[in-house]
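Reading through the structure tokens given below for one structure.
Read-outs: derived from the displayed coordinates by stated rules, not from any lab. Since the structure is predicted, the reported quantities are computational estimates derived from the model, not experimental observations. Every residue, glycine among them, receives a Cβ derived from its backbone with ideal geometry; neighbour counts consider all protein chains shown.
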Amino acid sequence: MFKDTIKVLDYFSTTDYLVLGCVLFLTIAFVLYGYYKRKQSDDKFVDYMLMGRRLTLPLFIATLGASWYGGIFGVSEITFNYGIYNFITQGVFWYIAYIIFALFMVDKIKKYQSLTLPEMAGQMFGVKAHKTCAVFTFFNVLPIAYVLSLGVFLHLCFGISTFWGMVIGTSFVCLYASWGGLRAVVYSDAVQFSVMCLSVLLVLIFSLKTFGGISFLKTNLPAEHFSITGGNSYFNLAVWGFIALATLVDPAFYQRCFAAKDTKTAKKGILICTLIWLCFDICTTGGTLYARAIIPNAIPRDSYFIYAIQLLPSGLKGFFVAGILSVILSTLDSFLFIASNTIAYDLLKNKIKNKLLANQIFFIIIAALAISLSVFFDGSFKKIWFVLGSYMSACLLVPLIMGHIFPKKISDKTFTFSVIISAVLLTLWDIIKKQGFWAQIDGFYIGVLTNLLLLSIAVYRNKKCKKSKIS
């Protein structure tokens, strides 16, 4: 008999503790191995930020693959409430974006040899664009959802409050990630990636074996759970599609591509990761649908986790817990690292002498801010992703893509003006009360249209001025 709430450790055997301990030991060992085996570099900061641009294909796949799925409890929340809507909004839309990035973006960004996405924007447009992009990047990579995930995880496992779980867990991540730089993040991902993929696969396999296939789910789930909208509007569905395109301006993707040893490694790595992510999403969405069918009164965000603990046999429970912890840590350390880089390198570059020390200090500040903001978003993963993803997509996607399509046609001032105006109008639109048809239009669309209009006018005027000079 499956229960809606459980104390996880009550279900643990000695074998589970040993398995969990072994995975944690391996993770720490790989971090130390990566740190002490690091190659000497003329530029220690480049080595700290990008592993000296020596990231090979296996490590590229492991670190990119692992760093993209920290919101496992968010996936549970959305799937539990809306069914396969999660697979469409958090899966299919993103696969399209990944493929576009691999085929059309990698060559364009590698030629800049930047250290960060904001620095690349500065090279494309100017100093103001660098700073503006850095501000939006910082808020986009604030690891609010992943700090919250870690807090929920520790709460479920040890019974401590979610808040103290966030504090204790994030402190541990800050310690190893700030100390070892991207190298520590990558080598820890090498262990975490394998464990997280195998753990979610086990849940789906045991679910199919125990309860049967799709016929069982259709009998025990609401019909809306098999609708691509999950009861939401098509306008809402479409916004998620555009948010997925934010991958084209995602700092984590850019960081890994800048760190890759060549463009071939980055392209092949992203395409392989896409296939792995597809399998991972099938497992997590499918597993949560079983959780919804078996324990319909569970807390949505906790459902997948507590269902799996009751489903899996002794030994595999510990492995699953290690896998979920790996999912969270691998994304949290990556986002903390990028956020600290954004402040120390992109925003305060000329005001700080010791950038390495500054990065490490900012880890702590960013962690504290992320914990505080998780309270502001009421602990809702969907709200966190939707709001932060909307701003990044609506305000930066169009300007950066148009910068690649029309190089040197958009000035530094125009870029900055367009981004800021789109953010302001997006915010105002979401604040204003609307009725009827207009209530379905998200502020995201206002931001995108504003950028398209302003930048199209700028490109047109630039071409017209050049023609006038020639004539």
Kindly express, to the nearest 10 degrees and within the range 0 to 90, the angle between helix 316-341's C-alpha long axis and the longest C-alpha principal axis of the chain.
-> 20
For the chain, longest principal axis from Cα atoms; helix 355-376 axis from its Cα atoms; angle between them, nearest 10 degrees, is 60
Based on the Kirkwood radius over alpha-carbon pairs, what is the Stokes-Einstein translational diffusion coefficient of region 205-308 at 10 °C with 1.306 mPa s viscosity, in µm²/s?
-> 96
Given a cut-off of under 8 Å on Cα pairs at least six residues apart, what relative contact order in percent is computed for the chain?
-> 31
For residue 44, the aspartates and glutamates lying under 19 Å Cα to Cα, once residues fewer than eight places off in the same chain are dropped, come out as 119, 346
Name the residue farthest towards the positive end of the dipole of the chain from the options 441, 243, 406, assuming +1 on Cβ of Lys and Arg, -1 on Cβ of Asp and Glu, about the Cα centre.
-> 406
Are there trypsin sites (Lys or Arg not before Pro) in region 397-471 that DSSP puts in a loop and that have at most 13 other Cβ atoms within 10 Å, and which ones?
-> 408, 433, 434
Here the residues of region 256-277 lying in the modelled label zone of residue 95, meaning backbone nitrogen under 12 Å from a point 7 Å along Cα-to-Cβ, are 274-277
Which lysines have a Cα lying under 28 Å from the Cα of residue 463, excluding residues fewer than 8 positions away in the same chain?
-> 108, 110, 111, 128, 131, 408, 409, 413
Out of 362, 149, 173, whose Cα points farthest toward the positive end of the dipole of the chain (charges: +1 Lys, Arg; -1 Asp, Glu; placed on Cβ)?
-> 362
Those aspartates and glutamates that a straight Cα-Cα span of less than 17 Å connects to residue 261, excepting residues fewer than 8 apart in one chain | 42, 43, 47, 107
Using 0.36 nm per residue, how much length does the chain from residue 461 to residue 5 gain when fully extended, once their Cα-Cα distance is taken away?
-> 157.9 nm
For Rg and Dmax of the Cα atoms in Å, the choices are (1) 23.5, 77; (2) 22.6, 71; (3) 22.4, 83; which was calculated from the structure?
-> (3)
Would you please give the FRET efficiency between residue 411 and residue 441, computed as 1/(1 + (r/R0)^6) with r the Cβ-Cβ distance and R0 = 41 Å, to the nearest 0.05?
-> 0.85
